[in-house]
1. Limited to the stretch 109-145, what total is found for residues that are of a type outside the set (A, V, I, L, M) and within 28 Å of Asp158 (Cβ to Cβ)?
2. More than 21 Å from Lys124 (Cα to Cα) and modelled with pLDDT under 95: which single residue out of Lys40, Lys85 fits that description?
3. Test of understanding: among Ala201, Ala140, Ala196, which residue is part of a helix (DSSP H, G or I), of a type in the set (Gly, Ala, Ser) and out of contact with any strand residue (DSSP E or B) (no Cβ under 7 Å at 6 or more places or on another chain)?
4. Does the stretch 163-184 hold any residues that are surrounded by 16 or more Cβ atoms within 10 Å (Cβ to Cβ) and either touching a residue at least 40 places away in the same chain (Cβ under 8 Å) or of a type in the set (Asp, Glu) (or both), and which are they?
5. Need at least 3 residues that are more than 16 Å from the chain's Cα centre (by Cα) and among the hydroxyl-bearing types (Ser, Thr, Tyr) per element, so show me which strands (runs of 3 or more DSSP E) inside the stretch 1-113 make the cut, counting only ones lying wholly within it.
6. Filter the stretch 209-223 down to the residues that are of a type in the set (A, V, I, L, M) and not in a helix (DSSP H, G or I), then identify the one that is modelled with the highest pLDDT.
7. Return the only residue of Ser30, Ser54, Ser17 being modelled with pLDDT of 95 or more, among the small types (Gly, Ala, Ser) and surrounded by fewer than 15 Cβ atoms within 10 Å (Cβ to Cβ).
8. Under 6 Å between Cβ atoms, which residue pairs at least 6 apart in sequence (or on different chains) link something in the stretch 112-137 that is more than 17 Å from Glu71 (Cβ to Cβ) and in contact (Cβ under 8 Å) with a residue 24 or more places away in the chain with a partner that is polar (S, T, N, Q) and assigned to a helix (DSSP H, G or I)?
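The values are calculated or read from the model by the stated rules, or taken from the named source; none is laboratory data. Computed from a prediction, not measured in an experiment: that's the story for all the values here. Cβ coordinates were reconstructed from backbone atoms using ideal geometry, including for glycine residues, and neighbour counts include every protein chain displayed.
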Amino acid sequence: MKSEGIILNTIDYKESSKIVHLYTPFGRISVKALGANKPKNGLLGFTTIGNTVSFVSTDSELPTLMEYNVESSIYKISEDLDRVKVFMIMLDVINHIPEDNNHYPIYNTFKKVLNDLLTENPKKLLCIFLVKMLYAFGIAPNLKTCVSCGSSDISFIDLDKGGALCKNCSNLANSDELYIWKEYYFGKKEIEDFTACNYDAMLKEIRNYYQRYASISLKIHELMNK
């Protein structure tokens with residue numbers, strides 16, 4: 001069975017092997033890497049958290065790895081603390097993604113942001129990633145119509161109220177924040193072309209939104225304050 005995935009974590013299996021948990025275009029799977037704990041096993045690339053790999057495994061309930069290739073390595077990211085911190089937050093989010101999702105677009109977003117983490121502003125990437133992941137948890141704000149009256153003539157976003165507001169329902173006239181949220185959520189452009197903003201302020205808003213509406217305890221708050 002051919003597939004590709006991003007290594008999420010590993011656990012020891014028997015004396016000399018590991019079970020490797022991956023996120024793939026079809027969701028989370030587990031693969032046995034026999035002999036992974038032996039010296040000079042040649043499986044370091046398949047057991048390094050964050051690596052993107054293509055691989056062939058047996059077609060069984062708990063597949064066994066037959067061969068693999070590292071498509072993208074996490075090695076250079078590990079040399080930068082800020083980028084490691086962002087990666088850990090993304091990893092935590094992916095580990096909480098509900099199984100009943102269309103995982104293909106989620107996987108592609110995770111893979112794209114992870115690849116760009118080597119060169120782009122890590123806080124910018126984290127903002128884009130976290131906003132795009134809101135739909136996977138079923139808690140995305142309404143960014144198309146006013147949450148108070150239903151008007152499509154929206155001009156502002158109030159996350160405490162769950163989304164966008166029109167001018168009649170809001171006393172705030174600045175539409176820049178709404179534009180950025182809509183761009184980050186709906187945008188399909190290259191990462192480097194997304195609009196810049198005050199990333200610290202936006203991350204605080206996103207963190208508070210996850211804490212308020214997601215029925216899970218993510219590590220966003222703890223990691224962003226280390």
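1. Of all residues in the stretch 109-145, those of a type outside the set (A, V, I, L, M) come to 109-112, 115-116, 119-124, 127, 129, 132, 135, 137-138, 141-142, 144-145.
So of that shortlist, the ones also within 28 Å of Asp158 (Cβ to Cβ) come out as 109, 121-124, 127, 129, 132, 135, 137-138, 141-142, 144-145.
Total meeting the criteria: 15.
2. Numbers: Lys85 fails: more than 21 Å from Lys124 (Cα to Cα).
Checking each option against the conditions leaves just Lys40.
3. Working: Ala140 fails: part of a helix (DSSP H, G or I); Ala196 fails: part of a helix (DSSP H, G or I).
None of the other options fit; the residue is Ala201.
4. The answer is Glu177, Trp181, Glu183, Tyr184.
5. Numbers: elements: 2-13, 17-24, 27-33, 52-57, 65-72.
Those strands (runs of 3 or more DSSP E) span 2-13.
6. As a first pass, look at the stretch 209-223 and keep what is of a type in the set (A, V, I, L, M): 214, 216, 218, 220, 223.
Next, from what is left, pick out any that are not in a helix (DSSP H, G or I): 214, 216, 218.
Details: Ala214: 82, Ile216: 71, Leu218: 70.
It comes out as Ala214.
7. Numbers: Ser30 fails: surrounded by fewer than 15 Cβ atoms within 10 Å (Cβ to Cβ); Ser17 fails: surrounded by fewer than 15 Cβ atoms within 10 Å (Cβ to Cβ).
Going through Ser30, Ser54, Ser17 in turn, just one is modelled with pLDDT of 95 or more, among the small types (Gly, Ala, Ser) and surrounded by fewer than 15 Cβ atoms within 10 Å (Cβ to Cβ): Ser54.
8. Partner pairs satisfying both residue conditions: Lys132/Thr109.
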